[in-house]
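Since the structure comes first, as structure tokens, the remarks are kept for the end.
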Amino acid sequence: MAVAVVSLQERYEASMVLSGAGDALAYNHGHWEFERDGELIHQEVAKRGGLAMLDAKDFPVSDDTVMHLATAEALMQVGKMEKQTLAHLVKQLVKEYIRCMRDMDGRAAGITCISNMALHEQRQDGDHRIPFNRGGGGCGAAMRAMCIGLRFPSPEQESHLIAVSVESGWLTHHHPTGYLGSLAAALFTAYAVRGSLPVEVWGQGLMEVLPRAKQYVIKTGNCVEQNVNNWDYFENAWRTYLSNRGILEGTGKARFPESYGVKERERFYTELAFKNWGGSSGHDAPMIAYDALLSAGDSWEELAKHGFFHGGDSDSTAAIAAAWWGATYGFRGVPQCNFKHLEYRKRMSKAALQLLELSSQAFSQEE
């Protein structure tokens, strides 16, 4: 029996909505995001009847989705302008990120995002650059960038995707490990939308795009020496991971251990992490999300087991993985209760439809 083709419109909507659903389910009011014991999380999910019994109405979204919506709505606002430019978009991103900080009660917003948006709000000089930050390698830039790939999905738009993901990322996370996570989250969403590249090739694609991102950073003149000197950590971490999975060259299927249960994944995610907190940095949040996608194939349940319910910053890996999965498979096989009554679902659906419309429109990096 032939598998029904999922429309592009459904995949756009699923990317936004399921990202929010993954975030909310993994966050669980902060109970699961800050739980270090992944086995305990899996036990609690089982006690609730499993993934198919988790109703989104009982799971508010975290700061990840609030900021992802802010990114999408900035893209939408600039989309109404006669000429869509990078300068206009950066200005609008700052406005939307400042505005969304008022919606962080009970959502566990990150300190880096909070402090840097407070800095932006205080500034009167119109300059949106912040100092280089040796501690700015967290996942806060990555968790909110998937929709950039929905706006710029085609190969011809990759230069815009690079520029926008870097610029949006270093508004709060001015460190390559941080804002390159934004690039990975956006790029893999674009790959998913295209539907022409096997998932196993995506990592190799990222490795090819990274030198172009470095050239963009150099061209901006923004703390070039510090950025270049701290560039290699992200790139080397990804090269090591892709080699471990046997897909550095983008050929063949990913290699996984014969036994890759909860304990083995917990150990592996911790090894990937900076300071042993899996998914909390710009390099390993998209990396764990990618690992989950490679493992799960078209199974939403397997994606959740690998990418939502683990010790560490699980809501960020979930938001990213679910966005890519939705852009690939739509809502196919997802229990309706996981997303039907999701907080802000209507905003997510509206954003998805407008981003689809904008994806064919012109954009300029010139003033």
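The values are calculated or read from the model by the stated rules, or taken from the named source; none is laboratory data. The shown structure was predicted, so the numbers you read here are calculated from the model rather than taken from an experiment. Cβ sites come from the backbone with ideal geometry, for glycine too, and all protein chains shown count toward neighbours.
Assorted remarks:
- Residues in region 61-85 that are among the hydrophobic types (A, V, I, L, M, F, W, C) and assigned to a helix (DSSP H, G or I): VAL66, MET67, LEU69, ALA70, ALA72, ALA74, LEU75, MET76, VAL78.
- Residues located in region 172-187, provided they are under 16 Å from TYR97 (Cα atoms) and out of contact with any helix residue (DSSP H, G or I) (no Cβ under 7 Å at 6 or more places or on another chain): HIS174
- Residues located in region 338-367, provided they are part of a loop (DSSP other than H, G, I, E, B) and free of Cβ contacts under 8 Å to residues at least 40 places away in the same chain: SER360
- Residue in region 123-135 that is surrounded by fewer than 24 Cβ atoms within 10 Å (Cβ to Cβ) and of a type in the set (A, V, I, L, M) present: yes
- GLY252 being outside any helix (DSSP H, G or I) and within 20 Å of the chain's Cα centre (by Cα): no
- Long-range neighbours under 9 Å by Cβ, at least six apart or interchain, first residue at positive phi within region 285-303, second of a type in the set (Val, Ile, Thr): GLY297/VAL199
- Residues of region 110-128 satisfying the condition of being within 12 Å of HIS174 (Cα to Cα) and at pLDDT below 95: HIS128
- Any hit, region 141-157, residues being in a helix (DSSP H, G or I), under 17 Å from VAL66 (Cα atoms) and of a type in the set (Val, Ile, Thr): yes
- Residues in region 53-65 that are surrounded by 15 or more Cβ atoms within 10 Å (Cβ to Cβ) and more than 17 Å from GLY279 (Cα to Cα): 6 in all.
- Candidate set: region 314-337, residues that are among the aromatic types (Phe, Trp, Tyr) and in a helix (DSSP H, G or I); chosen: the one surrounded by the most Cβ atoms within 10 Å (Cβ to Cβ): TRP325
- First in region 100-116 and within 16 Å of GLU33 (Cβ to Cβ), second anywhere and surrounded by 14 or more Cβ atoms within 10 Å (Cβ to Cβ) and of a type in the set (Lys, Arg), Cβ under 9 Å, 6 or more apart: CYS113/ARG144
- Some residue of region 302-314 being among the aromatic types (Phe, Trp, Tyr) and under 24 Å from GLU258 (Cβ atoms): yes
- Applying the condition of being of a type in the set (Lys, Arg) and outside any helix (DSSP H, G or I) to region 24-60 and asking which residue is nearest to ALA145 (Cα to Cα) yields ARG36.
- Residues in region 202-247 that are β-branched (Val, Ile, Thr), within 17 Å of GLY178 (Cβ to Cβ) and over 21 Å from the mean Cα position of the chain (by Cα): THR220, VAL224, VAL228.
- Residue in region 86-99 that is surrounded by fewer than 18 Cβ atoms within 10 Å (Cβ to Cβ) and outside any helix (DSSP H, G or I) present: no
- Complete set of residues in region 192-241 that are small (Gly, Ala, Ser), in contact (Cβ under 8 Å) with a residue 24 or more places away in the chain and not in a helix (DSSP H, G or I): GLY195
- Considering residues of region 338-367 that are under 19 Å from ARG107 (Cα atoms) and aliphatic (A, V, I, L, M) only, the residue surrounded by the most Cβ atoms within 10 Å (Cβ to Cβ): MET348
One line per residue, one yes/no per condition, for (1) crowded, with 19+ Cβ neighbours inside 10 Å; (2) of a type in the set (S, T, N, Q); (3) modelled with pLDDT under 95; (4) under 20 Å from ALA321 (Cα atoms):
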{"position": "ALA184", "(1), (2), (3), (4)": "yes, no, no, yes"}
{"position": "VAL201", "(1), (2), (3), (4)": "no, no, no, yes"}
{"position": "MET207", "(1), (2), (3), (4)": "no, no, no, yes"}
{"position": "GLN215", "(1), (2), (3), (4)": "no, yes, no, no"}
{"position": "ASN227", "(1), (2), (3), (4)": "yes, yes, no, no"}
{"position": "LEU242", "(1), (2), (3), (4)": "yes, no, no, yes"}
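- Among the residues here, GLY278 qualifies as under 19 Å from the mean Cα position of the chain (by Cα), modelled with pLDDT under 95 and not hydrophobic (A, V, I, L, M, F, W, C).
- Subset of region 270-285 [in a helix (DSSP H, G or I) and closer than 16 Å to ASN244 by Cα]: THR270, GLU271, LEU272, ASP284
- Scanning region 283-302 for residues that are polar (S, T, N, Q) and closer than 8 Å to ALA321 by Cα yields no hits at all.
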